[in-house]
Amino acid sequence: MMQTDVLIIGSGIAGLAFAIKLAERKPKTDIVLVTKADRFESNTKYAQGGIAAVMDNIHSSFESHISDTLKAGKGFSNIQTVRMVVEKAPKRLQELIAWGTPFDKTSDGKWDYGLEGGHSVARILHHKDQTGLALEKALLQQLSRFKNIQFQTEVFATDLLVQNKRCYGAQFLDKNEQSFSIQSNITYLATGGSGQVFSKTTNPLIATGDGLAMASRAGAVVEHMAFYQFHPTALVTSKNPVFLITEALRGFGAYLINHKGERFVFKHHPEGELATRDILSEAIFKEMQKTGHDHVWLDCRHLDREALRSHFPNIILQCKKHGFNLFNEPIPVAPAAHYQCGGIKVNREGKTTLHGLYANGECASTGLHGANRLASNSLLEAVVFAHEAALSVASELKQNKTTAGFSGRTGSVSKNPVTTTVKTAHLKKALQELMYRFYLNKSLEMPLKPFGAEIDSLFSEIKKLSVYHKSSQSIWELQNMAETARLIINDTLYE
Ligand code: FAD
Ligand code: SIN
């Protein structure tokens, strides 16, 4: 058993930014940062479009960013939270720049703002079409400055240690699937989203809803799970995850066309290709149903080739790898699961409803996104809340010097030598397909009630498997995905 002052689970933007912020303030505090994968692997690494922020009030204003965010959230956002995030954004972005994030500039030295759906003006800072990779590199570089941060990779958190509504750390499996625990005064979940719950997603394999499921099992309040966001334009391939085609490409002028070559989205919304994601995904699903095809097309043929090459080099490369030349032909796209708008409920300091437990990033529900996240507001939310949480944790640590007093059982795992790989893979596929059908039915306004019984039955099959195999990461992940799926369906059906 290990002990530390602060335990951070996750090395995407929410985990790294918090670790840096806290270590700057508290150089003598012991911080342990863990991730189940390598240092880089996360949703953050794949972010394309960028970070929305009002960097000058010539291009944009706080009021217009606030109003665009609220409009996208359809009345479910918390206005005070939206205002806080938007108004604190410029300072947090200046820090990211000081930490070495290379946001693009135009030839005359101004910010090269990108435009995405739902934004009334261009206000998105980016690094070409690989903003997330640039951010991860800069943050990991900064992190290496701090001697009080111990970084452990390939360590999988299974459950939180909770007694009397207080969190005392977490239980883990190491890469040999041996169980151990880390006890801490403060535990901070930054475990990201859950796109892998669906059979088509832009999210990498790590996005299995682990933190959300752990917090929910431990009794933390989870909210707004019905609001799962699909991204309208993922490249149609047979693999999962599917490759995202950034919304910034539509902001740059790309059109959505149907099989007759018609631009069909204006029939659904006056903002056409730049309407918000929920509207576009629904319009595309309806077009797919009408035509019987599994995709529509994204057309870039009319765009300036040199400008495309300089802004979207990775998209051009990835399309080419899949056999598409976007200069000469439209590319096949369809909606895919992208972002969990709901999550573990937190206040404006990032505190969950359990003492000693914080959450931030895609696993958390801060009140910013409401029913539908505005493009490029996620990375922003994570850096703003990392700062707020660091201030709060720094002051909590000052008041409370005692190390955790957990007296419950830790470290028990049941081992079963029977290999269940085939069964796990089969149940995972069934779950992912069920969830995709559920979302499709929701978009096409078809009956959803039968999904309640379907998910319950699949959930109990998965639960049976997990009871006997507590030392297998893949079974824990499957169980977490099933719990997340159930929260999504139940919140949709019964809230
Ligand atoms: P993540 O970056 O996903 O990090 C989660 C971390 O937790 C990982 O290190 C993971 O290994 C670790 N972890 C998870 N479970 C466990 C466990 N059980 N034990 C130990 N470690 C665990 N948003 C924007 O604002 N702008 C964009 O341009 C943008 N583009 C996107 C493009 C793509 C393709 C995708 C998938 C998302 C995009 N998003 C974008 C969304 C945004 O990237 C994510 O919401 C954000 O990066 C989430 O950050 P995070 O730190 O919360 O989680
Ligand atoms: C994209 O680049 O289209 C994704 C942006 C986001 O998820 O905010």
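Once Lys and Arg get +1 and Asp and Glu get -1 on their Cβ, which of 90, 484, 66 lies farthest toward the positive end of the dipole of the chain?
Most positive-ward Cα: 484.
Under a 5 Å amide H to amide H cut-off, with H placed in plane at 1.01 Å, what residues pair with residue 353 once short-range neighbours are removed?
Those lying under 5 Å, H to H, from residue 353 are 221.
Where nothing but the Cβ of Lys and Arg (+1) and of Asp and Glu (-1) is charged, how large is the charge dipole of region 57-192 around its Cα centre, in debye to the nearest 20?
440 debye
Per residue, how much accessible surface does the chain expose to a 1.4 Å probe? Answer in Å², no decimals.
40 Å²
I'd like the antiparallel share, as a percent to the nearest 5, of DSSP beta bridges with both residues in the chain.
So the antiparallel bridges amount to about 60 percent of the total.
Which shape class applies to region 144-198: rounded if a/c is under 1.5, otherwise prolate when a/b exceeds b/c and oblate if not, where a ≥ b ≥ c are the square roots of the Cα gyration tensor eigenvalues?
rounded
In whole Hz, what ³J(HN,Hα) sequence does region 310-324 give by Karplus (6.51, -1.76, 1.60; θ = phi - 60°), x for Gly and Pro?
My calculation for region 310-324 gives 7, 8, 10, x, 6, 5, 4, 5, 5, 4, 4, 4, 8, x, 10 Hz in order.
³J(HN,Hα) across region 78-95 via Karplus (A = 6.51, B = -1.76, C = 1.60, θ = phi - 60°), whole Hz, x for Gly/Pro?
Rounded to whole hertz, the list is 8, 4, 5, 5, 4, 4, 4, 5, 5, 6, 8, 4, x, 5, 5, 5, 4, 5.
Across region 22-36, in residue order, what do the Karplus-derived ³J(HN,Hα) couplings come to in whole Hz, using 6.51 cos²θ - 1.76 cosθ + 1.60 with θ = phi - 60° and x for Gly and Pro?
Values per residue, Gly and Pro as x: 6, 5, 4, 7, 10, x, 9, 7, 7, 10, 10, 10, 10, 9, 7 Hz.
Out of residues 5 or more away from residue 159 or on other chains, whose amide H comes under 5 Å of its own, with H placed 1.01 Å from N in the peptide plane?
Those lying under 5 Å, H to H, from residue 159 are 171.
Of the peptides 21-33, 347-359, 449-461, how do they stack up when ordered by the mean number of other Cβ atoms within 10 Å, highest first?
347-359, 21-33, 449-461
Percent of accessible area on the chain owned by carbon and sulfur, 1.4 Å probe?
The nonpolar share, carbon plus sulfur, comes to 52 percent.
Top to bottom by accessible area (1.4 Å), largest first, where do 297, 476 land?
Ranked from most to least accessible, the order is 297, 476.
Rounded if a/c is under 1.5, else prolate if a/b is larger than b/c, else oblate: which is region 1-122, with a ≥ b ≥ c the root eigenvalues of its Cα gyration tensor?
prolate
Which whole-number value in Å³ per residue fits the convex hull of the alpha carbons of region 106-207?
206 Å³
Rounded to two decimals, what ratio of Rg to Rh does the chain give with C-alpha atoms and a Kirkwood Rh?
0.96
The values are calculated or read from the model by the stated rules, or taken from the named source; none is laboratory data. Because the structure is predicted, anything quoted here is derived from the model rather than measured. Cβ coordinates were reconstructed from backbone atoms using ideal geometry, including for glycine residues, and neighbour counts include every protein chain displayed. For the accessible areas, the whole protein counts, side chains as well, though only heavy atoms, and no ligand, DNA or RNA atoms are used. Shrake-Rupley method; radii C 1.70, N 1.55, O 1.52, S 1.80 Å.
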